[in-house]
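Read the structure below first, then the notes.
What follows is calculated from the coordinates using simple rules that are stated; it is not laboratory data. All values reported here derive from a predicted model rather than from experimental measurement. Quick reminder, even Gly has a Cβ in these numbers, built from the backbone with ideal geometry, and neighbours come from all protein chains shown.
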Amino acid sequence: MKKEPYGDCLKIKCGRDSVCVDAGKCISFSGRLCGRNVLVGKGLARTIVSDCGPRGKCMGGRCSIDKCADILCDETNEICRDGMCMSITSILCFSPFDCGPPSLYECKQQKCQRRFDTLGPVLTHPSPKCDPGEILSGDKCVTNDGEACTRIVCPSGNSCFNGLCIHSSGTNCGNSGECPDLHLCRDGRCVSDVCAANGRVKCPPEHACSPTSTPEGECRHFQGLLCSHTAAIEDCPPPYYCIGGICTKDECYRKACQIGERCDSGICLRIEGTPCRDAAKECGEQFTCDNGICRDQIDVQSTTIFPFNNNNPSIKSSQSGGIWS
């Protein structure tokens with residue numbers, strides 16, 4: 001591993017995943033204490049945002065480096081994993097989740113492939129140039145009806161598309177963008193999206209749904225799923241984030257703690273009064289290390305600060321925090 005330089009911060013240049021501190025030493029962002037949501041009044045919290053670097057994100061109270069943040073892979077057959085583009089065609093699969101985010105990939109005959117129904121016509125075949133007043137639909141130029149469906153009410157089982165009431169399922173298509181709402185393109189035909197809103201599959205909380213599984217509507221927990229920054233937000237939604245190609249939960253997402261505390265892995269830890277040598281490493285954001293003791297710089301007189309037992313200055317977990325909405 002390459003050693004970071006040491007010296008005057010004005011004379012040295014740190015790596016992109018590190019920062020120069022006062023002593024002139026480059027310190028890695030990874031693992032640094034970050035971020036706080038602090039209760040400062042009834043129903044009020046103060047948010048402190050930390051700098052985790054250009055590829056970093058504050059996860060569970062500590063900076064985590066997303067090695068895929070600036071990696072561009074050919075997503076017709078590749079996915080980024082831990083900073084490397086990995087071919088999906090070599091993956092043996094039993095589910096679309098084995099390949100990557102289900103909004104982008106599917107598993108057919110135990111082989112991963114891109115869901116070409118999600119690709120626009122420009123990526124699947126040459127696009128013709130349309131005349132003024134026309135738009136491209138599939139591989140054909142059609143009149144741009146604009147608000148053609150705004151005044152049309154279709155019977156049950158039908159949807160308005162380009163100003164006409166058509167049966168929601170069975171319509172020819174080249175990609176899912178050509179299908180009515182709550183439908184997707186499968187094998188050239190529009191079919192009902194079982195995972196869409198009001199679809200027949202209801203996954204448990206914090207689970208992703210795949211409309212292309214066999215049988216349709218497979219549910220998997222978000223934690224640990226393969227993910228991509230270009231996939232649909234539903235594949236890895238907050239409080240989960242795509243870090244290094246893996247969907248990972250931020251355990252401190254909207255977790256508000258009392259003054260003198262910080263969130264670590266979803267738990268409010270009492271920091272005020274604990275021993276320290278380096279505030280950034282041992283105390284956290286908006287704390288100072290004063291005479292070897294962590295001291296919180298946030299002080300709201302109307303907010304109760306819980307007493308701390310100086311006879312036992314170890315870090316304590318708190319039950320006083322809450323979810324800030």
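Numbers for the structure displayed
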| item | result |
| --- | --- |
| Exposure proxy order (Cβ contacts within 10 Å, fewest to most) of S87, S64 | S87, S64 |
| Label-to-label distance, nm, for residues given as A232 and D70 (7 Å Cα→Cβ offset) | 3.1 nm |
| Protection-proxy order for peptides 22-31, 266-275, each taking the mean of Cβ atoms within 10 Å per residue, highest first | 266-275, 22-31 |
| Selection of chymotrypsin sites (Phe, Trp or Tyr not before Pro), the stretch 30-109, meeting DSSP coil and at most 15 other Cβ within 10 Å | F94 |
| Estimated FRET transfer efficiency (V40, R277; beta-carbon r; R0 41 Å; 0.05) | 0.90 |
| Centroid-to-centroid separation of the stretch 196-233 and the stretch 47-112 [C-alpha atoms, Å] | 16 Å |
